[in-house]
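One structure below.
Read-outs throughout are calculated quantities, based only on the coordinates presented, and are distinct from any laboratory measurement. A quick note: this is a predicted structure, and the numbers were derived from the prediction, not measured. Don't worry about glycine lacking a Cβ; one is built from the backbone with ideal geometry, like all the others, and counts go over all protein chains shown.
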Ligand code: 5GP
Ligand code: MG
Ligand code: MG
């Protein structure tokens with residue numbers, strides 16, 4: 001049991017800490033191959049991508065620079081609308097840089113496709129996307145996602161950076177919540 005799941009709210013563990021770390025290792029090996037000989041700036045999307053950024057960057061056996069963006073996407077309920085506002089912009093000038101945007105989950109893909117075109121307009125050498133999780137809805141969008149940990153069913157998951165009402169981000173595993181949490 002996940003030490004941070006003090007109330008036993010997780011009912012179904014989709015991915016354990018060990019499985020997540022192994023997957024990030026595989027993704028890191030691929031990134032090392034693809035970006036060999038190039039400098040690399042990874043951009044984490046706050047707040048959900050904090051854990052992925054921390055563990056993926058440390059799985060890399062090469063130099064990497066890290067920067068962060070915070071965006072809010074407006075939508076009704078749990079669906080994003082594609083209308084995005086930048087709450088915190090990059091501190092880095094990305095012109096001529098190889099940029100890899102890191103997120104923890106892509107659902108509709110609207111937030112990241114907006115972010116990708118925003119960063120692409122700043123004349124980087126390249127912009128790619130890496131995500132730990134992707135839901136089926138995202139595969140209907142035209143977005144090109146270079147690194148995907150797992151494709152998952154269309155259910156609401158928490159843990160490892162993913163929140164429900166700002167809780168559960170500090171769980172080490174990823175899982176679904178017991179129905180009693182929502183009522
Ligand atoms: P979209 O790809 O629809 O624009 O939005 C992605 C964002 O919605 C993610 O960064 C995340 O904050 C949130 N999100 C989407 N699916 C889930 C989920 O299953 N669990 C949690 N906790 N957040 C999700
Ligand atoms: Mg996110
Ligand atoms: Mg959230």
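Indicate the gyration tensor shape class of region 85-183 (rounded, prolate or oblate), computed on the Cα atoms with a ≥ b ≥ c the square roots of the eigenvalues: a/c under 1.5 is rounded; otherwise a/b larger than b/c is prolate and the rest oblate. It comes out prolate by the Cα gyration axes. Among 91, 67, 103, which one moves the most in a GNM of the chain with springs linking Cα atoms closer than 10 Å? Highest fluctuation among the options: 91. Classify region 17-140 as rounded, prolate or oblate from the Cα gyration tensor: take a ≥ b ≥ c as the square roots of its eigenvalues, call it rounded if a/c is under 1.5, otherwise prolate when a/b beats b/c and oblate if not. The shape class here is oblate.
Against the main long axis of the alpha-carbon atoms of the chain, helix 110-120 sits at an angle near 20°. Indicate the gyration tensor shape class of region 82-130 (rounded, prolate or oblate), computed on the Cα atoms with a ≥ b ≥ c the square roots of the eigenvalues: a/c under 1.5 is rounded; otherwise a/b larger than b/c is prolate and the rest oblate. Here region 82-130 falls in the prolate category. Approximating the spin labels as points 7 Å out from Cα along Cα→Cβ, the residue 156-to-residue 3 distance works out to 2.8 nm.
For the chain, adding -39500 (n - 2.57) for each run of n ≥ 4 DSSP H residues and dividing by the number of residues yields -7000 deg cm²/dmol at 222 nm.
Pairs of Cα atoms under 8 Å, at least six residues apart: use those to get the relative contact order of region 77-155, whole percent.
Reported as a whole number, the value is 30 percent.
Note on the chain: with a GNM built from Cα contacts shorter than 10 Å, the maximum mean-square fluctuation among 21, 165, 30 falls on 165.
Round to a whole angstrom and tell me the spacing of the C-alpha centers of region 163-183 and region 95-157. Each part reduced to its Cα centre gives a spacing of 23 Å. Compute the angle between helix 50-59 and the longest alpha-carbon principal axis of the chain, please, reported from 0 to 90 degrees and rounded to the nearest 10. Roughly 60 degrees, rounded to the nearest 10. Look at the alpha carbon pairs under 8 Å that are at least 6 residues apart: their mean separation over the length of region 32-183 gives a relative contact order of 19 percent. Of the beta bridges in the chain, as assigned by DSSP with both residues counted there, near 35 percent are antiparallel.
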